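The values are calculated or read from the model by the stated rules, or taken from the named source; none is laboratory data. Worth saying up front: this structure is predicted, and the values here are computed from it rather than measured. Cβ coordinates were reconstructed from backbone atoms using ideal geometry, including for glycine residues, and neighbour counts include every protein chain displayed. Side chains are part of the model used for accessible areas, which takes the heavy atoms of the whole protein and leaves out ligands, DNA and RNA. Shrake-Rupley method; radii C 1.70, N 1.55, O 1.52, S 1.80 Å.
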Amino acid sequence: MSRILPVSNPSGDVATTLAAIKSKLGMVPNLYATIGHSSTVLNAYLAFSDALSKGRLSAKQRELIALAIAQVNQCQYCLSAHTLIAGNTGLAKHHIKEARQAKADNTLDQALITLAVDLVEQRGELTTEQLDIANKNGVDSELIFEVLALLTANIFTNYANHLAQTDIDFPEVSLTV
């Protein structure tokens, strides 16, 4: 059970934002309703995520990274949500499993996942060699910062779910790959 429950009777900006989410998704995920305790944070997170969706990373690449980061951070809520979302982007089950193992079947996607996982595990302290390897595999400076921004958004949701112990409202996925 959640330690911080989702807002039950939102008002003002939060009510408007959650209604828009429900209209778009057909539901209000517990994560959003929980973050909705702060309209500032909810709207900032959604605006940041929306901006990131317009970058060079494809929807599939964003999901591969989200899965890898959720696995590293052991966030069962995000693993469950992103497994469903990844499937909706056309990723096959074996690609989803590979992403959770920090693997991909093409060079660019592998470089993106490796960069994201290394950034998390090394707290942003990458070696010049790690950046050179990313560059040689198609990850230029623009993509490096997109990956950094995306993993920042994912770490926020991972940690928010850990903090709140958000009830999972997606088909539940095991933490074990």
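Here is how the numbers come out for the structure above:
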quantity: A111 vs. criteria in contact (Cβ under 8 Å) with a residue 24 or more places away in the chain, open to solvent by less than 30 Å² (accessible area, probe 1.4 Å), farther than 30 Å from K22 by Cα and of a type in the set (G, A, S); calculated: yes
quantity: Residue in the range 8-20 that is in a loop (DSSP other than H, G, I, E, B), open to solvent by less than 50 Å² (accessible area, probe 1.4 Å) and modelled with pLDDT of 95 or more present; calculated: no
quantity: Some residue of the range 54-77 being at pLDDT 95 or above, loosely packed, with under 12 Cβ neighbours inside 10 Å and closer than 27 Å to S2 by Cα; calculated: yes
